[in-house]
1. Which of the residues that make up the range 1-16 are of a type outside the set (A, V, I, L, M, F, W, C) and either under 16 Å from VAL52 (Cβ atoms) or touching a Leu at 6+ places or on another chain (Cβ under 9 Å) (or both)?
2. Of all residues being charged (D, E, K, R), more than 19 Å from ASN25 (Cβ to Cβ) and within 21 Å of the chain's Cα centre (by Cα) in the range 41-62, which is most open to solvent (accessible area, probe 1.4 Å)? Just the residue, please.
3. Quick one: in the range 19-35, which of the residues that are in contact with a Phe, Trp or Tyr (Cβ under 7 Å, 6 or more places away or on another chain) and at pLDDT 95 or above is nearest to SER149 (Cα to Cα)?
4. Filter the range 12-29 for residues that are assigned to a helix (DSSP H, G or I) and open to solvent by less than 70 Å² (accessible area, probe 1.4 Å); which is nearest to MET71 (Cα to Cα)?
5. Filter the range 133-154 for residues that are modelled with pLDDT of 85 or more, open to solvent by less than 20 Å² (accessible area, probe 1.4 Å) and among the aliphatic types (A, V, I, L, M) and give the result.
6. Based on this model, can you work out whether ARG87 counts as open to solvent by 30 Å² or more (accessible area, probe 1.4 Å) and within 26 Å of the chain's Cα centre (by Cα)?
7. Look at THR73 and say whether it is open to solvent by 50 Å² or more (accessible area, probe 1.4 Å), under 30 Å from LYS114 (Cβ atoms) and either at pLDDT 90 or above or among the polar types (S, T, N, Q) (or both).
Amino acid sequence: MELSPKAQAVELIKQAKSVLVLSHNDPDGDALGSSLALKLALEKIGKTVDVVISGRIDETFAFLPGYDQVMKTLTSSNELFITVDTRATGEELKLGWKRFPETHQIKIIITPAKGSLVPEDVAIERGRPTYDLVIILDTSSIELLGSISQDFPDLFYETPTIAIDHH
């Protein structure tokens with residue numbers, strides 16, 4: 001039997017260890033209050049929770065528990081990913097590195113078993129934030145989340161996401 005949307009959401013919350021709560025840019029009291037209330041409830045059941053809301057947050061709401069814990073921006077993980085396209089060389093690569101303490105540098109050496117690599121075969125990107133679950137409150141559009149939707153668009157496709165909106 002297929003689970004209802006509510007039952008699916010409950011299951012995702014039960015399974016998650018770290019949760020990201022988001023709401024629309026320049027939040028009103030409804031968006032901020034519901035985000036902070038959800039944070040408190042999830043923390044009570046043992047979850048690690050970050051609330052990230054971009055834009056201006058009115059100081060009128062400073063009395064709300066957790067107001068000072070709301071983050072304005074979502075930061076990347078501390079991982080750096082190096083992707084190598086091996087279509088021209090095959091999968092067999094020798095990896096190594098050299099340290100240059102005097103310049104505080106490390107050079108990564110990639111030697112293919114056949115052929116050669118060119119700089120265009122290598123891509124470097126920062127790791128995305130790591131959460132088990134994203135919960136979006138008080139908005140029906142990812143675009144209304146401000147810079148978060150532009151800076152981390154894959155987050156919503158790679159991480160289970162629950163959207164709760166009364167509009």
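The values are calculated or read from the model by the stated rules, or taken from the named source; none is laboratory data. Remember, it's a predicted structure, so these values are computed and weren't measured experimentally. Quick reminder, even Gly has a Cβ in these numbers, built from the backbone with ideal geometry, and neighbours come from all protein chains shown. To get the accessible areas, we keep the full protein, side chains included, count just its heavy atoms, and leave off ligands, DNA and RNA. Shrake-Rupley method; radii C 1.70, N 1.55, O 1.52, S 1.80 Å.
1. Filtering the range 1-16 down to residues of a type outside the set (A, V, I, L, M, F, W, C) leaves 2, 4-6, 8, 11, 14-15.
Across the range 1-16, the qualifying residues are GLU11, GLN15.
2. So the first thing to find is which residues in the range 41-62 are charged (D, E, K, R), and the list is 43-44, 47, 50, 56, 58-59.
Imposing the further condition that a residue be more than 19 Å from ASN25 (Cβ to Cβ) reduces the set to 43-44, 47.
Filter again for within 21 Å of the chain's Cα centre (by Cα), leaving 43, 47.
Details: GLU43: 72, LYS47: 29 Å².
Among those that are charged (D, E, K, R), more than 19 Å from ASN25 (Cβ to Cβ) and within 21 Å of the chain's Cα centre (by Cα), it is GLU43.
3. Just the residues of the range 19-35 that are in contact with a Phe, Trp or Tyr (Cβ under 7 Å, 6 or more places away or on another chain), to begin with: 19-20, 29, 32.
With at pLDDT 95 or above added as a condition, the list becomes 19-20, 32.
Values: VAL19: 17, LEU20: 13, LEU32: 18 Å.
Restricting to residues being in contact with a Phe, Trp or Tyr (Cβ under 7 Å, 6 or more places away or on another chain) and at pLDDT 95 or above, the top hit is LEU20.
4. From the range 12-29, those assigned to a helix (DSSP H, G or I) are 12-15, 29; that's our starting set.
With open to solvent by less than 70 Å² (accessible area, probe 1.4 Å) added as a condition, the list becomes 12-13, 29.
Values: LEU12: 23, ILE13: 21, GLY29: 16 Å.
Top of the filtered list is GLY29.
5. LEU133, VAL134, ILE135, ILE136, LEU137, LEU145
6. Numbers: open to solvent by 30 Å² or more (accessible area, probe 1.4 Å): yes; within 26 Å of the chain's Cα centre (by Cα): no.
Judged against the criteria, ARG87 is not a match.
7. Details: open to solvent by 50 Å² or more (accessible area, probe 1.4 Å): yes; under 30 Å from LYS114 (Cβ atoms): no; either at pLDDT 90 or above or among the polar types (S, T, N, Q) (or both): yes.
The answer is no for THR73.
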